[in-house]
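Coordinate-derived values only; no laboratory data. Everything numeric in this text was worked out from a predicted model, so none of it was measured. With ideal geometry, Cβ positions are generated from the backbone for all residues, glycine too; neighbour counts draw on all protein chains shown.
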Amino acid sequence: MAITPGKRMLRALKGERLDKPPFWLMRQAGRYLPEYREIRSQAGGFLDLCFSPKLACEVTLQPIRRYGMDAAILFSDILIVPYGLGQGVAFKEGEGPVLDPVRNASDLSRLSLDGFHERVAPVYETVSRIAEALPKETTLIGFAGSPWTVATYIAEGGGSKEFVAVKRWAYGDPEGFGQLIDLLVEATVSYLSHQVEAGAEVLQLFDSWAGALPEPGFRRWCIEPTIRIVAALKARHPDIPIIGFPRGAGTLYVPYATETGIDAVSLDTTVSVAWAAEALQSKLPVQGNLDPILLVAGGDALDREVERILSGFSGGAHIFNLGHGVTQTTPPETVERLARRLRA
Ligand code: CP3
């Protein structure tokens, strides 16, 4: 049988069904790897690591060296965009991110695109370095947070469970909140465009908190901005594949996947495999959706779930991944076990 040329990840994104699906893992670089913790302690703060092209390139490559994933994802963070827009962003040990909250139209005047690219320029240099250093079969993924998810951090001033500040703004002053979303759309398009120019071959949009919105809000603050981002990126870079990850979207995965113009959709852990094969994979490639905690548990539970997902998505284009990021307490050995199975 003829072998189609090209990287496996890019073939799957074009809709090809591969006998062994390509794989990578969200948050594949990070604290579960001892060699990451080593570099992280050399860098000082987390933002220092993100803004050191040499070290950020090194930690991007670490999981590829160990496990040979089909794709590497730029080591950075979705909160680089608010930082680039002039918001104060800090990562406090054990606390997660802390931002100076922007909660209304008058706070919004503190954010602007002036100087954005100068502030985030080291990220573009990291992308070029990774592009240069990767094995020829490995695909480089660039990324950004989606406007809604980034807006939750901007307005809450950090992580949130109830999203009271961001929703009060969105529901109480949709026009004013729309200006924040518009600014994020513009920044995201420009930021991702620069990543493509520096060597990113695929882009992923992380809408990690999409599931916090009821349908009208989901359509207005997740689907609509994504339509605009995808259209603008494709106008500049017609061939760039874009993966969307509207985590927690439930049945709204269908309009998200079919109306935004994305090339593939990343499924969270709760999405039914049989449902997704029918409702989504029949229309576009799917990525996912192993529970990351199975990489902590390991053993038969892990093996069984891997088989279930592989067989459930074997009828079409599939990129094997987790339903969310690798968690810190993951033993590197279970990732090895998974990688061996996916290569077998
Ligand atoms: O390997 C990769 O996937 C690439 C790197 C990456 C990071 N963050 C590194 C990181 C990516 C793609 C992200 C995206 C990101 N960041 C998201 C979307 C995906 C998701 O998980 O839902 C979100 C919501 C963030 C915001 C963020 N960054 C939080 C809430 C935290 C603190 C939580 C934590 O795990 O500590 C971060 C910090 C962060 N981003 C770390 C890493 C490796 C840990 C920082 C450290 O080393 O101390």
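Summing +1 for each Lys or Arg and -1 for each Asp or Glu, what net charge is found among the other residues whose Cβ lies under 15 Å from the Cβ of ALA210?
Residues near ALA210 contribute -1 overall.
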Check: LEU113: net charge of surrounding residues, Cβ under 15 Å, Lys/Arg +1, Asp/Glu -1, itself excluded?
Finding: -2
Margin query: Using +1 at the C-beta of Lys and Arg and -1 at the C-beta of Asp and Glu, which of ILE39, PRO101, SER282 has the Cα lying farthest in the positive direction of the dipole of the chain?
Written below: SER282
Next item on the list: Please give the peptides 277-286, 56-65 ranked by average Cβ packing (other Cβ atoms within 10 Å per residue), highest first, as a rough proxy for protection.
Entry: 56-65, 277-286
Checklist line | Of the GluC sites (Glu not before Pro) in segment 150-208, those whose Cβ has at most 11 other Cβ within 10 Å and which sit in DSSP loop | finding: GLU162
Notebook entry, point to check: Which trypsin sites (Lys or Arg not before Pro) from segment 140-210 combine a DSSP loop assignment with at most 13 other Cβ atoms within 10 Å?
Noted result: LYS161
Next item on the list: With only Lys, Arg, Asp and Glu charged, each at its Cβ (+1 for the first two, -1 for the last two), find how big the charge dipole of segment 33-140 is about the Cα centre; round to the nearest 20 debye.
Entry: 100
Checklist line | About the Cα centre, charge dipole magnitude for segment 175-260 (Lys/Arg +1, Asp/Glu -1 at Cβ), debye | finding: 120
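Roughly how many debye, to the nearest 20, is the charge dipole of the chain about its Cα centre, given +1 on each Lys and Arg Cβ, -1 on each Asp and Glu Cβ, and no other charges?
On the way: 35 positive and 40 negative charges, 136 e Å.
So the magnitude is around 660 debye.
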Notebook entry, point to check: If you average the sequence gap of Cα pairs under 8 Å that are 6 or more apart and divide by the length of segment 255-344, what percent do you get for the contact order?
Noted result: 33
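Kindly point out which whole DSSP H helices in the chain project their C-alpha atoms 15 angstrom or further along the helix axis while averaging a Kyte-Doolittle hydropathy of 0.0 or above.
174-198, 224-236
222 nm [θ] for the chain, helices only, -39500 (n - 2.57) per DSSP H run of 4+, per residue, to 500? All intermediate terms of the calculation are to be shown ahead of the outcome.
Values: 16 runs with 161 residues, N = 344.
Result for the chain: -14000 deg cm²/dmol, rounded to the nearest 500.
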Margin query: Please list, in order along segment 89-96, the HN-Hα scalar couplings obtained from phi with the Karplus expression 6.51 cos²θ - 1.76 cosθ + 1.60 (θ = phi - 60°), rounded to whole Hz, x for Gly and Pro.
Written below: 10, 9, 10, 9, 3, x, 10, x
Item checked: Charge tally in the Cβ shell below 15 Å around GLU38, where Lys, Arg are +1 and Asp, Glu are -1, GLU38 excluded -> +3
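For segment 52-118, what's the relative contact order in percent, using C-alpha pairs closer than 8 Å and at least 6 residues apart? The partial results should precede the final answer.
Working: 50 pairs, mean separation 16.7, N = 67.
In percent, rounded to a whole number, it is 25.
For ARG341 and ASN104 in the same chain, what is the full-extension length gain: residue separation times 0.36 nm, less their Cα-Cα distance, in nm?
Details: separation 237, 0.36 × 237 = 85.32 nm, distance 4.98 nm.
Computed gain between ARG341 and ASN104 is 80.3 nm.
Kindly rank 97-106, 125-134, 146-155 from highest to lowest mean number of other beta carbons found within 10 Å of each residue. Mind showing how you got there, number by number?
Values: 97-106: 16.6, 125-134: 19.2, 146-155: 26.3.
Highest to lowest by the protection proxy: 146-155, 125-134, 97-106.
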Item checked: Distant-in-sequence amide H partners of GLN204 (H built 1.01 Å from N, under 5 Å) -> GLY142, PHE143, ALA144, ILE243
Item checked: Cα Rg, Dmax (largest Cα-Cα span) when computed across the chain, Å -> 19.1, 63
